[in-house]
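The values are calculated or read from the model by the stated rules, or taken from the named source; none is laboratory data. The shown structure was predicted, so the numbers you read here are calculated from the model rather than taken from an experiment. Note: ideal-geometry Cβ built from the backbone for every residue, glycine included; neighbour counts use all protein chains shown. What goes into the accessible areas is simple: the full protein's heavy atoms, side chains included, and nothing from ligands, DNA or RNA. Shrake-Rupley method; radii C 1.70, N 1.55, O 1.52, S 1.80 Å.
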Protein chains: 4
Amino acid sequence: MLDHPLVPGGSSAIEKGPWHYGANYVAVYFDGERIKLSDLVPKPFEIGDGRCMAYVCEIVSVSDSGAEMVASEPDRTIYQEAAVGVKCSYRGKPGVYFPIMWVNSEWSLLRGLLNGYQKRLADKIAMTKLHPLNPGLKPIAPGTQMGGFCVKGSERTLSLRVIVRKEGAPADLPSFGVTYGRRVFPRTDESQDVVQEAVEILKSNSRTSDVWLGDGSLETTLSVGEPRAVLGAVYKSGFTISGSKVLD
Amino acid sequence: MLDHPLVPGGSSAIEKGPWHYGANYVAVYFDGERIKLSDLVPKPFEIGDGRCMAYVCEIVSVSDSGAEMVASEPDRTIYQEAAVGVKCSYRGKPGVYFPIMWVNSEWSLLRGLLNGYQKRLADKIAMTKLHPLNPGLKPIAPGTQMGGFCVKGSERTLSLRVIVRKEGAPADLPSFGVTYGRRVFPRTDESQDVVQEAVEILKSNSRTSDVWLGDGSLETTLSVGEPRAVLGAVYKSGFTISGSKVLD
Amino acid sequence: MLDHPLVPGGSSAIEKGPWHYGANYVAVYFDGERIKLSDLVPKPFEIGDGRCMAYVCEIVSVSDSGAEMVASEPDRTIYQEAAVGVKCSYRGKPGVYFPIMWVNSEWSLLRGLLNGYQKRLADKIAMTKLHPLNPGLKPIAPGTQMGGFCVKGSERTLSLRVIVRKEGAPADLPSFGVTYGRRVFPRTDESQDVVQEAVEILKSNSRTSDVWLGDGSLETTLSVGEPRAVLGAVYKSGFTISGSKVLD
Amino acid sequence: MLDHPLVPGGSSAIEKGPWHYGANYVAVYFDGERIKLSDLVPKPFEIGDGRCMAYVCEIVSVSDSGAEMVASEPDRTIYQEAAVGVKCSYRGKPGVYFPIMWVNSEWSLLRGLLNGYQKRLADKIAMTKLHPLNPGLKPIAPGTQMGGFCVKGSERTLSLRVIVRKEGAPADLPSFGVTYGRRVFPRTDESQDVVQEAVEILKSNSRTSDVWLGDGSLETTLSVGEPRAVLGAVYKSGFTISGSKVLD
C-alpha cells in the first residue's frame, strides 16, 4: 500500500508506518488576527480564538519496522522542521491545523503530505543546541535564550526566540487538542482522480519532558496578522503517528 | 484546482500548468537486462527490447502564466534532473517509462508527482557546462568529453559520460515514443482515498537542437542489469507539458 | 606550491593556476555613500567617487591543466557568485575592490582567498536563465527582466534586478580599472606568521559579449548606504587569472 | 587580529578565540598500512605504529565572547565533522595528525584552516541520533548500532559503523597524545608571502562522558591501506581551543 513514490523494483521514498518521533522543540505560542487566520484554515475546520503556535524543532523519526536505519541510513531518520499551527475545531472537537510545515528532508515532506500535513521543503532550518560538555555553555536555566529560523528561497519564513524564565511541566504547555490536516492530491487533467480529504492525524504514545517556560517572540512571512506572543517554551516530545483518519 | 499543497491563504508549491521546459542534456542510450527491467516497469506497461536511456540535464521551466518568475524568483525556474527511462509500450503504442527521476527542487518534485513521474529529491546533480568565453575551454567538437552525476544520501545513484564523435541532427536521437507515467498517492489508513493511475504525459511543442553524437558509458544504482551503452548524445530540447491523461 | 590545503598524499582543494573563467552576469552599477564605502575599503586603497557595482553570475572555471574536469568532476568547474565592488585607486591607478564576494563552492572560496578576494560561502545563489528552446520564454530583448539573489544564513545578503532596454557593446560597460584585493591569513597565536598583503589580481585574456543595457535596482545587507542604481547590465565575460601581485 | 576574511567594515567569518566545543562522536579506531599512512603525514611529524582513528560527530561550538550566538545565529554554532587521524609524534612527543577533516560550515572550515587543521567542506555528513522520547527507539545499550558517513562531490569519503558491546569510561578510549596540525597559506605568485607552519593545537578543558565501547568498521577514500578496525566507540566530549603554537 505504501509504495510511494518509486514502484515497483525500486526503493520507496517512505517506509511503512506507524512512524515514531522524538523531537526537541523551541516554541512560541501567540495570538494572530482571526480575520487573517481564517484564510489559512480550510473548511470544515472552524477557527478558534486566534491562538496559534510556532516552533522549530529537530526530529529523530523511524518507522515501526525500520529502527535500524538510525545506523545504516542516519540521514533517513533525522530532520529539522518549522511550523505554524492555528487552534481550530471540527464539529466542536478542538484541535490544531498547521497551514504550513517546513521540513528539510524528502521523506518527511512526502510522508507528511500522505498523512495530511501541508509540508513544504525548506532550504535551511536551524535552532539552538546546548551541549552539556561545551566549556563555554551553561545548562538551560532561567535567562537562557534559545531561537530558531527557517529559510526558503530568498525568504526567512519563520524566526523565533525564547527567553527561559522557569522550569515547567508538560501540563504547563497549552493543549490545542487533536491534530487536523488535509490530504490533497490535485489533478492536472480532467481524466484524473483527485484526493481532497479533511483528516485527523492518528497520534498516540505522546510523552513530553524537559519543559522550560518563558517569554517568546516571532516573525513569519505567513499571513497571521501582527503576532502577539503569549508564551515561549522549550521541551522534548515523543509520539507515534499511524496515519490519518478521514473526517466525514 | 492546482492548489497543491499549501491551501488556502498561502503560496502554492506549484503554479498552474501548462508548464514549459527548456533543457540541456547529456544522455546515454543503453541496453539493460530485460528480466531486471521488468521489475522497474509496472503494469499496464509492457517492456520493450531492453533499450533504455539515462540522462543528466539542467532545465529552465516556467508555467504558462508565470514566466516573470525567471526574474523575481529564479530559483523557482531552474533545476537539475537525472533520470533513467525504459522503452515500453501500452496497447502496442510505444513509449518510455521512467522508473526514477531525481531532481533538486521541491516544486519540480511535487509537480512531477502530480503528472505521474516517479520523482525523487537528489542531494546533488552536476553536469558539464562549456562557456563560450572561457579561455581554457573549446567549443564542443569531436573529442569533447561531457559528463554528469547524481548523488542521493550516501550514494552516487547515476553517473554518465559521453565522448562526442560528430555533429548530429534531432532525427539521429532514438525515439521511444510517448512518455508514460503513474500517478500514485497511497493511503495511510483504510478510510482514505487512493490514486493509482497509469497515465500518458501530455507533451507538445517539442523541439530539439545542438545535437552531438558519440560514445557513452554509465553507472547506476538502479537495478537495470549490466548496462551496455549504445550511444552517447548531447543536445538541447524544449517542450510543453499540460498534464497527463489517464489510460483506460 | 599550490598544495592547499590537503597535503601531502591527498587531493588538493585547488588546482594549480592559471585559472580560466567564463561567466554570465546580471549586474547593477550604483552609487553608494562615500562615508559608508570608506569603511569597506581598506588601506592602501583610496575610495573613488562612490561608484560601485553589484552582480550575480554563474561561472564555469577550469585550471590551465585541468580542463578535463568539466567532464570528470563537473561540480569542480561550475559555481555561482554574488559580489559588491567599490571603485577605488592605488597610487592613482584606478581599480575596483570587492569588500565581499559570496560563492557556493569550497574550491572557489579557497582559491579566491589565496588570490586576495574577500570570499565567503553562500547558502544559495540564484539568477535568471533564459533557455532558447523553452516555449514559454522569449530571447532577451528590450523589456526583458532578469534578476538574482544571494542568501547566507538567515539573510538575503544581495538581490538585484535589471530591466533590459537595449543591446549594448562591451565598451558601454563602465570600466573600473584593475582588480585589487587583499590576501589575509591571520594568526591565532603570537608564534604564528601572518599574511596581510594588498594585491592586484593578475587578470588577462579578458573578452566580453552579449551585452544588454537597462535599468537596475538592488538591495544588500552590505553597508553601502542607500544605493542609487545608475545602470543595469547583462553580459557574458571570460578571463584568466594567474595569481595576484603584492603591491609595495 | 582575527579579522578573517572580510575586512574592514563587514562581519567577520570567524569570531575571536578561544573557541569552546561540545561534541557527540561515533568513532572507530583502526590500524592502517604504515607505508600508506606515511604519505598522509607531513614532516616534521613521524608516523607511529599505524594506529589511526576515524569519527563522525556533531559539534556545538561558540567563541569565548559569542555564546549568545546559539540563540541569535544558531547555524553559526552547530556543524557536523568527519575526520581521519593518524598517530604520530614530534620530537618524541606523541600526538595525532588529521590528514583530512571534513566539515559542513564555512566558519568551521576557515577557523580550522587558521588553526592548522586540514579542513575541507563536505556536501553531507550524517550520523546516528537516538532520541530519548521516540517510542520506536531504545536507549543506547549493548547491541545498539550507530553509524555515520560523509559525502563530498560524488564520493562517500568516509562511512563507519559501531556495534556497542558495553559501557566504558573515558580512560578506556585510546589516547593519542596532543593534536598536531599544519597551517598552510600558499602563494599564487612569487611576490607573495607563504605560511607553512607545523603546529600543536592548544587544547584545554577536555572532558569526556557517556562512553560506550564495541566493535567498529569503516570505509574511506583516504589512502590508509586496508583498515583493520580494533575498537568502536561512542562518546561525548568537550574542550577549548585557544589557537595553535608553532613548533620550532
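A few points about this structure:
- Scanning the stretch C:218-245 for residues that are open to solvent by 30 Å² or more (accessible area, probe 1.4 Å), more than 14 Å from chain B (Cβ to nearest Cβ), in contact (Cβ under 8 Å) with a residue 60 or more places away in the chain and within 21 Å of C:V178 (Cβ to Cβ) turns up just one, C:L231.
- Scanning the stretch A:68-77 for residues that are within 9 Å of chain D (Cβ to nearest Cβ) and in contact (Cβ under 8 Å) with a residue 24 or more places away in the chain yields A:D75, A:R76.
- Tally of residues being at the interface with another protein chain (Cβ under 7 Å from one of its Cβ atoms), over 22 Å from C:G116 (Cβ atoms) and free of Cβ contacts under 8 Å to residues at least 60 places away in the same chain across the stretch D:154-201: 1
- Among the residues of the stretch C:18-40, the ones that are open to solvent by less than 10 Å² (accessible area, probe 1.4 Å) and under 22 Å from C:S244 (Cα atoms) come to 4 in all.
- The set of residues in the stretch D:189-217 being assigned to a strand (DSSP E or B) and open to solvent by less than 40 Å² (accessible area, probe 1.4 Å) consists of D:V195, D:E197, D:A198, D:V199, D:E200, D:I201, D:S209, D:V211, D:W212, D:L213, D:G214, D:G216.
- Subset of the stretch B:133-153 [assigned to a loop (DSSP other than H, G, I, E, B) and more than 7 Å from chain C (Cβ to nearest Cβ)]: B:K138, B:P139, B:I140, B:A141, B:P142, B:G143, B:T144, B:G153
- Applying the criterion of being farther than 21 Å from A:K245 by Cβ and outside any strand (DSSP E or B) to the residues of the stretch A:101-120, the residue that is farthest from the other protein chains (Cβ to nearest Cβ) is A:N104.
- Those residues of the stretch A:172-188 which are under 18 Å from A:A54 (Cα atoms) and either surrounded by 19 or more Cβ atoms within 10 Å (Cβ to Cβ) or modelled with pLDDT of 95 or more (or both), in sequence order: A:D172, A:L173, A:P174, A:F176, A:G177, A:V178, A:T179, A:Y180, A:G181
- Residues of the stretch B:206-232 satisfying the condition of being farther than 18 Å from B:C150 by Cβ and either touching an Asp or Glu at 6+ places or on another chain (Cβ under 9 Å) or not polar (S, T, N, Q) (or both): B:R207, B:D210, B:V211, B:W212, B:L213, B:G214, B:D215, B:G225, B:E226, B:R228, B:V230, B:L231
- So D:V151, is it more than 14 Å from the chain's Cα centre (by Cα), open to solvent by less than 10 Å² (accessible area, probe 1.4 Å) and farther than 20 Å from D:I59 by Cβ: no
- Single condition A:E15 does not satisfy, out of (1) within 14 Å of chain D (Cβ to nearest Cβ); (2) outside any strand (DSSP E or B); (3) farther than 18 Å from A:L202 by Cα: (3)
- One residue alone among D:K87, D:K93 is over 16 Å from D:V184 (Cβ atoms), in contact (Cβ under 8 Å) with a residue 24 or more places away in the chain, more than 10 Å from every other protein chain (Cβ to nearest Cβ) and touching a Lys or Arg at 6+ places or on another chain (Cβ under 7 Å), and that residue is D:K87.
- Restricting attention to the stretch B:64-90, the residues being under 22 Å from A:A122 (Cβ atoms) and either part of a strand (DSSP E or B) or more than 17 Å from the chain's Cα centre (by Cα) (or both) number 11.
- The number of residues in the stretch A:218-228 that are in a strand (DSSP E or B) and under 18 Å from the mean Cα position of the chain (by Cα) comes to 3.
- Apart from one condition, B:L130 fits all of (1) touching a helix residue (DSSP H, G or I) at 6+ places or on another chain (Cβ under 7 Å); (2) closer than 30 Å to A:K16 by Cα; (3) not hydroxyl-bearing (S, T, Y); the exception is (2).
- Entry remark, the stretch D:91-100: residues being farther than 24 Å from D:A122 by Cβ and either open to solvent by less than 20 Å² (accessible area, probe 1.4 Å) or part of a strand (DSSP E or B) (or both) number 3 in total.
- Residue count for the stretch D:44-61, restricted to those that are in contact with a Ser or Thr (Cβ under 8 Å, 6 or more places away or on another chain), of a type outside the set (S, T, Y), open to solvent by less than 20 Å² (accessible area, probe 1.4 Å) and without any contact (Cβ under 8 Å) to a residue 60 or more places away in the chain: 2
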